[in-house]
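The values are calculated or read from the model by the stated rules, or taken from the named source; none is laboratory data. If you're wondering where the values come from, they're calculated on a predicted model, not measured in any experiment. Only protein heavy atoms, including side chains, enter the accessible area calculation; ligands, DNA and RNA are left aside. Shrake-Rupley method; radii C 1.70, N 1.55, O 1.52, S 1.80 Å.
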Amino acid sequence: LALGDDFCIVDVRYDRKLLEFKTPTRLDAFLILFCISGKVRLSVNMKEFTMEKDQVALLIPGFIGQVVNVGEAEREDIHYVLVGVTRRYLSTLHLDLNRIFSEGTALLDSPCVRLSPEEKTIATRYLDLASAVLASEVPNKRDCIGSLISSLLYLSQGVFNARLDRARREPVARSGRADEVLNRFLHLLADYHTRERSVSFYAGKLCLSPKYFSKLIKAASGRSAPEWIDHYVILEAKNY
């Protein structure tokens, strides 16, 4: 079910078209994946994770996704619902996207979380309502869907932030400053990695010395700034 090229809800069962995504693909849309049953091994920006029943994944533009493995035994059980919305359409909804997607590093670390029974019930009602509106001839359909998308994204943000807050209460060695710099660096990297590949460029954008910048990136991620840059360039090459 779709609203032109701007928004869609797709009921996904296993078929050979899934194999097309075994090649890394750069996203130019916001995607929410709900797993109803089955299991799929996915990769987002070279980090692998398994999606299974009652889990949801939130993927944002600039991420590079890939289906790593679909086991033959699980193929008949695979059932997902995919919600996709373009950046262009979201820009017309006047959402505070910086607030919703402020935790870019958290999504890189874990783009997938398990829903509680209550969260699953609410998410299912959203999907049923959005599907009914898309399939109908109601007036002002685009505005109705826009309001539902806004609400669904804020719900998704709340689900992910609740998990993030829980994780933050556990002892960690990383500093808030390092995480903030890493988050801003990754946003810049998504925009500039095809043109700028020097550490000094990104350090300058963040008003930091290259040495201090590199130290913070290493502390926050365990990976050096040049490694992150190479990582994005390699992903882009695989995408092409």
Provide a single number: the residues in segment 194-214 that are open to solvent by 60 Å² or more (accessible area, probe 1.4 Å) and under 18 Å from H231 (Cα atoms).
5
Complete set of residues in segment 125-141 that are among the hydrophobic types (A, V, I, L, M, F, W, C) and either assigned to a helix (DSSP H, G or I) or within 26 Å of the chain's Cα centre (by Cα) (or both)
L127, L129, A130, A132, V133, L134, A135
Requiring at least 3 residues that are open to solvent by 50 Å² or more (accessible area, probe 1.4 Å) and at pLDDT below 80, the helices (runs of 4 or more DSSP H) wholly within segment 16-116 are 97-100
